[in-house]
Amino acid sequence: MHKNFLFDLDGTLLPMDLKQFIELYLKAFCQKFAHKVQIDPKMLVKGIWEGAAAMGKNDGECLNRELFWRALNLHCKKDMRIYEKDFDEFYRNEFVAAKIATRTNPYAEKTVKLLKSADCRLIVATNPIFSKAATYTRIRWAGLDPNDFDLITVYDNCSACKPNLNYYHDICSFCGFSPESAIMVGNDVDEDMCAEKLGFDTFLVTDCLINRHDKSINKYKRGSFEDFYNWLIDSGY
């Protein structure tokens, strides 16, 4: 029985229409900041994407947070980091505009309660391209309490992103367990199932499946989040 559980957030713990979520998020973000920072909305959105791309290429040289702000500043040709606290306030407030693209799954909460009662370590292994404020807000949208997790990956505690295997190496190192003692639960074939290469067990959640390259998924344990919960029960948790 596994004692260490890594859960993806977007599309796994928090079911969502990813395309709609991104559209609503960026619209609300621009409404809040484009005038405030005196930047064309399209330029601001491109800067956010440039920051995300920079984090995705992080080779461990520094925290993702540093690369995000460096890329955003370079693209916008000004010091955007002076607005960092304002960004976090946005994620605690106006970000709610994107919530309608998400929904709760009661089996996520049931699973967390079940595994906590079994004294398992729980980790939100979401791609760390967002701040703590943005990530904790989405966890709450899922009907979950951030305090129930032993680690939540965010842009200021990680120096790699999925599918870079260093991301998973770092989680193991930080938490002090081996991949063989853990399972990665996620909906993205590329970003989540790649953990198997290090020795992780995996479960592919198919409610909001992402399979960009139409890979065969036959080798993975898979099913809905409800199926995952029932698999835990059948496994003796």
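The values are calculated or read from the model by the stated rules, or taken from the named source; none is laboratory data. Please read these numbers as outputs of a predicted model, since none were measured by experiment. Neighbour counts are summed over all protein chains in view; Cβ atoms, including those assigned to glycine, are modelled from backbone coordinates with ideal geometry. Protein only, heavy atoms only, side chains kept; ligands, DNA and RNA dropped before computing areas. Shrake-Rupley method; radii C 1.70, N 1.55, O 1.52, S 1.80 Å.
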*Please compute the net charge surrounding LEU26, taking Lys and Arg as +1 and Asp and Glu as -1 over other residues with Cβ under 13 Å from its Cβ.*
+3
_Within the stretch 95-115: backbone nitrogen closer than 14 Å to the ASP150 label point (7 Å, Cα to C-beta)_ = 115
_Share of carbon and sulfur in the accessible heavy-atom surface of the stretch 1-116 [1.4 Å probe, %]_ = 54 percent
*asked:* Taking a ≥ b ≥ c as the square roots of the Cα gyration tensor eigenvalues, with a/c under 1.5 meaning rounded and otherwise prolate when a/b beats b/c, else oblate, which class fits the stretch 133-187?
replied: prolate
_Cα centroid of the stretch 5-21 to Cα centroid of the stretch 185-218, whole Å_ = 13 Å
*First check a/c for the stretch 157-237, with a ≥ b ≥ c the square roots of the eigenvalues of its C-alpha gyration tensor; if it is under 1.5, answer rounded, and if not, answer prolate when a/b is larger than b/c or oblate otherwise.*
oblate
*Top to bottom by accessible area (1.4 Å), largest first, where do ASP188, ASP234 land?*
ASP234, ASP188
*Could you state the angle between the C-alpha long axis of helix 225-234 and the longest principal axis of the C-alpha atoms of the chain, as a value from 0 to 90 degrees rounded to the nearest 10?*
30 degrees
*Provide the per-residue ³J(HN,Hα) series for the stretch 105-122, in order, calculated from phi with Karplus coefficients 6.51, -1.76, 1.60 and θ = phi - 60°, each as a whole number of Hz, with x at glycine and proline positions.*
10, x, 6, 5, 5, 4, 5, 4, 5, 4, 6, 5, 5, 8, 6, 8, 8, 10
*Nearest 10 degrees, 0 to 90: helix 64-76 Cα axis against the chain principal axis*: 30 degrees
_Net charge dipole size for the stretch 1-123 [Lys, Arg +1 and Asp, Glu -1 on Cβ; Debye, nearest 20]_ = 180 debye
*Taking a 27 Å limit on the Cα-Cα distance, which of the listed pairs LYS32/LYS162; LYS19/LYS46; LYS42/LYS215; LYS77/LYS99; LYS57/LYS77; LYS3/LYS99 fall beyond it?*
LYS32/LYS162; LYS42/LYS215; LYS77/LYS99; LYS3/LYS99
*Once the whole set of protein chains is in place, how much accessible area is left on LYS215, using a 1.4 Å probe, in Å² to the nearest 10?*
100 Å²
*To the nearest 10 degrees, how steeply does helix 132-141 sit against the main Cα axis of the chain, on a 0 to 90 scale?*
50 degrees
*Between beta-carbons, use under 11 Å as the cut-off and find the net charge around TRP141, counting Lys and Arg +1, Asp and Glu -1.*
+3
